[in-house]
Structures are given as structure tokens and as C-alpha cells.
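To start, the structure under review is shown below, and the notes come after it.
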Amino acid sequence: MSAAAANVAVIGAGMTGAVCASLLAARGVAVTLFDSGRGPGGRMAQRREVMDDGTELRFDHGAPCFTVSNDEVARVVGGWEARGLVAEWKAMFACFDRETGKFRDFDKEGTMKKYVGVPGMNSICKSLCQEDGVVSKFGVTIGKMDWLQHRSSWSLASLDGKDLGSFDFVVATDKNIASQKVSGLTGKPPPLDLSVFPHLSAMIQDIPVRPCFALMLAFSEPLAMVPVQGFSFHNFDSLSWAFCDSSKPGPHVPPNSQSWVLRSTTEYASKVIDSMGPRKPSADALAKVAEELFREFQGTGLNIPQPIFMKAHRWLVL
Ligand SMILES: Cc1cc2nc3c(=O)[nH]c(=O)nc-3n(C[C@H](O)[C@H](O)[C@H](O)COP(=O)(O)OP(=O)(O)OC[C@H]3O[C@@H](n4cnc5c(N)ncnc54)[C@H](O)[C@@H]3O)c2cc1C
């Protein structure tokens, strides 16, 4: 690719799209980044909630943290750490066993360093999307992609039919761009028709969809019987993980209170989504999910008090 001449559209401002856009822009490529969300981050998400009394809460309700196992990525993440975009989360993880009612399998000394975005998981993407040479457009869902043979370029249009221009190259970071599964959500065909590449099309349809619910909880005081900052649930029906969000670097909840994000099992989420369909769940449906997940959390015997805030969020893909 001739960097100076290239004009590239990147679809998706999650971690993949944001890193891709910033790397291309650093090489002199003109990049336009599109995302259907209100802001960057994708599943590296942070949710802001305001309680009735005006208190602001923030939850990393998507990926809670990440680890690095590759030297090249370690160099990139080291650069983010130096710029204050990420920090180490000095958290101890374990497993809680329902049979014994006890924590076990505590992290061993020297377990991989856990990184979080600061002040939220979306901070990394936010910063990358603002780098020189990246033009970011949010609230724009790509609804159609057509190859224009006579111009050797791709033309993009939004879901509501608006022309978004033409590009020499397109990087699509979400499989939904070419997956029939997207039709269940939008009622329209997927933006990219891959029928001329049946092998690739089949591979995309075969990527498993593993949904889950995140339950955001805030308590007026710390959970005294929980000695760790993250734990998996062993032998539970609907819960799989819990993370103490307020133990991360950065402000999340008012002093002395504590916030947690619990994650459901994919089996529980699949069952619920099968009954309600793929469209956005109603507030009532989410409230019911929140009640069910919270009831199982209280059933741990860990003396879980009534929360001062509780809300569930649905993720179609974990
Ligand atoms: C609850 C949960 C827990 C997780 N836990 C971990 C963990 O512990 N560790 C870990 O490493 N990973 C974890 N993950 C996974 C991690 O979040 C993802 O692998 C990663 O964020 C994916 O980044 P991405 O950019 O590839 O995709 P995404 O973040 O999904 O970004 C894709 C973007 O494309 C946009 N998009 C899609 N279609 C269109 C369109 N037609 N037009 C415009 N925009 C579009 C979407 O809005 C989205 O922002 C977790 C995820 C979830 C949901």
C-alpha cells in the first residue's frame, strides 16, 4: 500500500479498530474510524450511572482487565503505561466453591500482571482514536459496503442510507459486518455480501456467539467476607465471575463504598436470550435478570447486603 495515497476506513472503534487506526495513521495513512456506539471502546467498555441522589458511579462492565503474553504487545502496552493510559491492577483472584462455601486456588506469587485502562477500560481506545491522522465518527452504523470496480474503491453507506464516502481499503473489525446473525438485530442484510467467497462466509457464520450478562452492583460498604478482588464461581447455575471494580486504580464509587461487576455464565445468558430474542431487552427484562443473578450471589453465604445500585447489561458476545 502506498501510505501517502491510501485512504482507509476502519469499522469498529474497539481495541482492534483503535489500535489498527492509530498504527496506520502513524505511517501516514488517512484513516476514518466508524463506530455505531456513542464513543470508542467496544467491549472494553465503561458505563457511567447516576444514582437518584446525584452520585456518579462508573463500572467497567465489559472486559475487566487484560494480560500480556507476547513481547511485541508488551512493548506497545509499556508505552501506554508510560503515558498513563493503563496501570497495573494489583488484584488477587481466586475461585469460590459452592460445595465447600470457601475460596480456593488463590493467585500464585508472580501470576501474570493484570492491566486496566485508567480511569476506565475504554480510556485506551479513547486516546488512540484522538491521535493525529485519525478521524473518528461515532453513532454511525455501517449498513452497506460496495466494491466500485470502475473506481477501484469501496463505497460505504450508513444503516439509514447516508453516503459515507469511498475508500481505497476497508478494515472491518467485527464479524457482524458479514454475518447473517446481524439481520436479527437490524432487520436488514449484513453490510458486506460475502457470497462470492463461500468459504470465508461459512467460516464467519461458524464463529460461536457466546452471550453473557454483566451485573453492576454498588454497596455502601465493602463486602467483608470476600478476601479477593476477583473470583470465579464454581458449581453455580448462572454466575461465572465477579470483579471488585472499585479496587482498580482510578475513581469509581464514592469513598468507603464498593462496586462489583458480576458476569453470568453463557448458558444462563443463552437461555434468557433464546426466550427474549436478539433485540435490545426491555428495562423490565434486564431488571428480572439482575434479580436472578443477585439472588444467586446472596445464596453464596458471603453475607451480601442489599446494594445501593443494581443494573444488568446484556452482551451478545463475550
Ligand atoms: C463481559 C466481558 C468480559 C470480557 N473479559 C475479558 C477479559 O477478562 N480479558 C480479555 O482479554 N478480554 C475479555 N473480553 C473480551 C474483550 O473485551 C474483547 O475481546 C475485545 O474488547 C474485542 O475488541 P474488538 O475491537 O475486537 O471488538 P469490539 O470491542 O466488539 O469492537 C467492535 C466494534 O465494532 C463496532 N461495530 C460493529 N458493527 C458495526 C457497524 N456495522 N458499523 C459501525 N460499527 C460497528 C461495535 O460497535 C464495536 O464498538 C470480555 C468481553 C466481555 C463482553
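If you take the alpha carbon radius of gyration of the chain and divide it by 2.2 N^0.38 Å, what ratio comes out, to two decimals?
On the way: Rg = 21.2 Å, N = 318, 2.2 N^0.38 = 19.6 Å.
Against the empirical 2.2 N^0.38 Å value, I get 1.08 for the chain.
Could you run the Debye sum over the Cα atoms of the stretch 124-283, one equal point scatterer each and no solvent, and tell me log10 of I(q)/I(0) at q = 0.12 Å⁻¹, two decimals?
These q points yield log10 I(q)/I(0) values of -0.82.
Which far-off residues, 5 or more places away or on another chain, put their amide H under 5 Å from the one on residue 309, with H placed in the peptide plane?
The answer is 218.
Tell me, what are the semi-axes, in whole angstrom and largest first, of the equivalent ellipsoid of the stretch 1-137 as set by the roots of 5 times the Cα gyration tensor eigenvalues?
Those come to 33, 20, 12 Å.
So what is the 222 nm mean residue ellipticity for the chain from helices alone, if each DSSP H run of at least 4 adds -39500 (n - 2.57) and you divide by all residues, rounding to the nearest 500 deg cm²/dmol?
On the way: 7 runs with 71 residues, N = 318.
It comes out at -6500 deg cm²/dmol, rounded to the nearest 500.
I'd like the distance between the alpha-carbon centres of the stretch 266-282 and the stretch 123-174, rounded to an integer number of Å.
Each part reduced to its Cα centre gives a spacing of 30 Å.
Fewest to most neighbouring Cβ within 10 Å: what's the order for 204, 11? All intermediate terms of the calculation are to be shown ahead of the outcome.
Working: 204 18, 11 24.
Going from sparsest to densest Cβ surroundings: 204, 11.
Pick out, in residue order, every one of the GluC sites (Glu not before Pro) in the stretch 56-117 that is DSSP loop and has at most 15 other C-beta atoms within 10 Å; say none if there are none. Could the numbers behind the result be given before it?
Details: sites: 56, 72, 81, 88, 99, 109; in loops: 99, 109.
Loop-located and lightly packed - 99, 109.
With label points built 7 Å along Cα→Cβ from the Cα atoms of residue 310 and residue 279, find their separation and express it in nm.
So the two model labels end up 2.8 nm from each other.
Just need the Rg to Rh number for the stretch 125-204, please, alpha carbons only, Kirkwood Rh.
Values: Rg = 13.8 Å, Rh = 14.0 Å.
On the Cα set of the stretch 125-204, Rg over Rh gives 0.99.
In nm, to one decimal, how far is the modelled label at residue 151 from the one at residue 303, with both set 7 Å along Cα→Cβ?
It is 6.7 nm.
Please compute the net charge surrounding residue 186, taking Lys and Arg as +1 and Asp and Glu as -1 over other residues with Cβ under 14 Å from its Cβ.
On the way: positive: 144, 181, 188, 279, 280; negative: 160, 174.
Combined, the nearby Lys, Arg, Asp and Glu give +3.
What does the net charge come to around residue 229 if you take all other residues with beta carbon closer than 13 Å to its beta carbon, with K and R at +1 and D and E at -1? Show your work: numbers first, answer last.
Working: positive: 90, 114, 248; negative: 60, 88, 107, 245.
For residues surrounding residue 229, the net value is -1.
Starting from the Cα of residue 90, draw a straight line to each of the aspartates and glutamates and keep only those under 13 Å, dropping any in the same chain fewer than 8 residues away.
107, 109, 245
List 95, 244, 129 from most exposed to least, where exposure is judged by having the fewest other Cβ atoms within 10 Å.
On the way: 95 15, 244 21, 129 25.
Least crowded to most crowded, the residues run 95, 244, 129.
From the backbone phi of the stretch 138-154, what are the Karplus-calculated ³J(HN,Hα) couplings (6.51 cos²θ - 1.76 cosθ + 1.60, θ = phi - 60°) in whole Hz, Gly and Pro given as x?
Those phi angles translate into 9, x, 10, 9, 6, x, 7, 10, 10, 7, 9, 4, 5, 10, 6, 8, 9 Hz.
Can you give the percent of C-alpha pairs in the stretch 76-180 whose distance is more than 20 Å? Numbers along the way, then the final one.
Working: 3502 of 5460 pairs.
Distances greater than 20 Å cover 64 percent of the Cα pairs.
State which entries of 114/248; 280/311; 126/175; 137/311 exceed 18 angstrom in Cα-Cα distance in the structure shown. Could the numbers behind the result be given before it?
Working: 114/248 10 Å; 280/311 15 Å; 126/175 22 Å; 137/311 29 Å.
Over 18 Å apart, Cα to Cα: 126/175; 137/311.
With the chain treated as a Gaussian network of Cα nodes joined by springs under 10 Å, which of 106, 233, 219 yields the largest mean-square fluctuation?
Answer for the Gaussian network model of the chain: 106.
Read-outs: derived from the displayed coordinates by stated rules, not from any lab. Small disclaimer: the values here were computed from a predicted structure and weren't measured. Heads up, the Cβs are rebuilt from the backbone with ideal geometry, glycines too, and the neighbour counts pull from every protein chain shown.
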